[in-house]
Amino acid sequence: MKSAVETLNPTRVRLTVEVPFEELKDSLDAAYKKINQQVTVKGFRKGKIPARVIDQRFGRGAVLEEAVNDALPKFYTEAVNEGELNVLGQPEVDITELKDGELLAFTAEVDVRPEIEIPDYSGIEVTVDALEVSDEDVEKAVEQLRERFASTNPVERAAAEGDVVTVDLQAKVDGEVLEDGVAEGVSYTIGSGELLDGIDAAVTGLEAGGEATFTSELKGGSAEGKEAEVTVKVTAVAARELPELDDEFAQMASEFDTLDELKADSRKRLEDTRQYEQATQAQERVLDELLKLAEVPIPEKLLADEVQTRKHNLEHHQLGQMGLTLDKYLEIQGKTAEEFDAETSEQAVKGIKTQFLLDEIVNKEKLNVNQEELTEHLMRRAASSGMSPDQFAQAVVEGGQVPMLVGEVARGKALAVVVEAAKVVDTNGEPVELEDDEEAIETVEAADGSAEAVADAAEEAAKAAEEKTEA
């Protein structure tokens, strides 16, 4: 077999392959055997029909077609390996010549990873938010905890902001009561904004037994988006009572004995959260600067496929779970279809560039992925997916996604290398020392049997990583 590579552009090549006919022998034999099992000829046992009879009865062309279809993937792969190409996606194959007994020739156009020159990232400088937690922040966090322990007590007075009212609702559109426009015994906190626009003003000042009518745009149901006349009747009013902020509250709401200890813990939690947010911000801003420095060509088909995948996932998974159509989502977001398409394309370009560039840094820096790193990554991914670690690990292995996880961890390490080389300061001009962000993310403990499943998946991934490094 002879092959040659022609570069069409930085992300696409054309392979020209010529195969001497004798190299098709195995595929021809397989073709005759396959046809033998599929047809019957009077006078011959099934599977024992001579090749010359098959040629006479069914035509040599059918045999050649079967043999070529069988042989093409093998010869294409050999040509890719000979050319040392890093191909992306499926090739477009065109058989240019097929001479029985002499030659098979074909071309294959396919996208390839572009060659990327890694920029000097040591000079990158970014500014991130300062890690500051004020007394006000701590008081707000404690107040939110206090709200969770609030109690409600019935009162015989007019409803006011902050009260919890029990209401019956009836919605009419064009004078007709909607089938799904009646609800009874609904609990609502005045001022929360969790129900219909206009309800706060309608129920404020009403005592139990009072009612009012207001107009509002319906947020869901059969008449979603339409103006409705809503009648609301208050059946009960209850006042929310917050517990006193003292040591007794600290003991009730936490593991601490005093309010000062509770506040100190709240401050520490806020500092940890801000520190993680700061590290994430640094990564994002350093990555943005890195992408500005690098020239990364994008294969057109890969970009089109990525855009389509992102749209599909949004429309059929995320929006589908919320009961929204894409048109309704765009309406809520205040975007046109053209703006959405442009934004999706921009995000896809950034995602592809990021992957290409960080993969190149992985290779240059010879970054390896060990089993412990993969196990931690699997645990985090399982937690974010809502699956147990053992279920997630099993799905990863069965879905052949182990190499994908290896790539995710490796690219994370590559970005960490770039961030470490960059100069990061906060808004006060102070240098920022970033901790290992792997430690900043909480991991979940494996349930019974989970650790073994995760370890198995991580071990398989580690082997894949080693093979990739050796290659």
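A short reminder: the numbers here are calculations on the coordinates, not readings from a lab. Remember, it's a predicted structure, so these values are computed and weren't measured experimentally. Cβ coordinates were reconstructed from backbone atoms using ideal geometry, including for glycine residues, and neighbour counts include every protein chain displayed.
Below are the figures for this structure:
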read-out	value
At R0 = 51 Å, FRET efficiency that the Cβ-Cβ distance of Glu244 and Asp305 yields, to 0.05	0.25
Selection from Ala108, Gly59, Ser122 lying farthest towards where the dipole of the stretch 1-147 points positive, charges on Cβ	Gly59
Computed Rg/Rh of the stretch 213-364, alpha carbon atoms with Kirkwood Rh	1.16
Assigned charges on the beta-carbon of Lys, Arg, Asp, Glu; the stretch 186-338 dipole about Cα centre (debye)	640 debye
Net length gained if the chain between Glu136 and Glu339 were fully extended (0.36 nm per residue, minus Cα distance)	69.1 nm
Label-to-label distance, nm, for residues given as Asn81 and Glu194 (7 Å Cα→Cβ offset)	6.3 nm
Where labels lie 7 Å past Cα in the beta-carbon direction, separation of Arg269 and Glu115 in nm	5.5 nm
Sequence-separation-based contact order of the stretch 2-112, relative, with Cα cut under 8 Å and 6+ spacing, percent	38 percent
Debye intensity ratio I(q)/I(0), log10, the stretch 315-422, q values 0.12, 0.18, 0.24 Å⁻¹ (C-alpha model)	-0.64, -1.03, -1.18
Relative contact order [Cα under 8 Å, 6+ residues apart], the stretch 169-313, whole percent	15 percent
Inter-label distance for Glu184 and Ala201, nm, one decimal - labels placed 7 Å from Cα along Cα-to-Cβ	3.0 nm
With Cα atoms, 0 to 90° folded angle of helix 371-385 axis to the chain main axis	60 degrees
Packing-based ranking, highest mean first, of 305-312, 160-167 given that Cβ atoms within 10 Å are counted	160-167, 305-312
Coil-residue GluC sites (Glu not before Pro) of the stretch 62-99, DSSP, other Cβ within 10 Å capped at 11	Glu84
Footprinting exposure proxy for Ile116, Ile199 (fewest neighbouring C-beta atoms within 10 Å first)	Ile116, Ile199
Separation between Cα centres of the stretch 94-171 and the stretch 293-361, rounded to whole Å	14 Å
For Ile361, Ile332, order by how many other beta-carbon atoms lie within 10 Å, fewest first	Ile332, Ile361
Mean separation of Cα contacts under 8 Å (6+ apart) over length of the chain, as relative contact order %	15 percent
C-alpha long axis of helix 135-148 to longest principal axis of the chain, angle in °	90 degrees
Ellipsoid semi-axes in whole angstrom, largest first, where each is sqrt(5λ) of the Cα gyration tensor of the stretch 20-84	29, 10, 8
Rounded tilt (10° steps) of 259-293 against the dominant C-alpha axis of the chain	40 degrees
Ranked list, fewest to most other Cβ atoms within 10 Å of each Cβ, for Lys292, Lys226	Lys292, Lys226
The chain, dipole about Cα centre (Lys/Arg Cβ +1, Asp/Glu Cβ -1), debye to the nearest 20	3520 debye
Computed lengthening from Ile95 to Thr40, 0.36 nm per intervening residue step minus Cα-Cα distance	16.7 nm
